[in-house]
């Protein structure tokens, strides 16, 4: 049985362009380790602010899709005021 784990992310609104690829990889690896090695059912709680919040949510959704065959669960919660923000799999 997997344990629930709630994650909140904070960061800069405008990460440096040259840092984004490395940040995406680091965040994906973090989620994967928690879901696979840690056996956690992950839930991301995000305000979906521009920058780090949205990057973390986007990578979370992409990682969830890549790991669909694993036992780790993924859920994203965000405020109703941001319901129109599109987060899609860019891969």
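Do we have residue 30 as under 19 Å from residue 5 (Cβ atoms), surrounded by 14 or more Cβ atoms within 10 Å (Cβ to Cβ) and either in contact with a strand residue (DSSP E or B) (Cβ under 8 Å, 6 or more places away or on another chain) or modelled with pLDDT under 75 (or both) here?
no
For the stretch 28-49, give me each residue that is assigned to a loop (DSSP other than H, G, I, E, B) and closer than 18 Å to residue 10 by Cβ.
Across the stretch 28-49, the qualifying residues are 46, 47, 48, 49.
Confirm whether residue 83 is at negative phi and at pLDDT below 85.
The answer is yes for residue 83.
The values are calculated or read from the model by the stated rules, or taken from the named source; none is laboratory data. Everything quoted here is computed from the prediction, not taken from an experiment. No Cβ is skipped: glycine too gets one built from the backbone with ideal geometry, and neighbour counts run over all protein chains shown.
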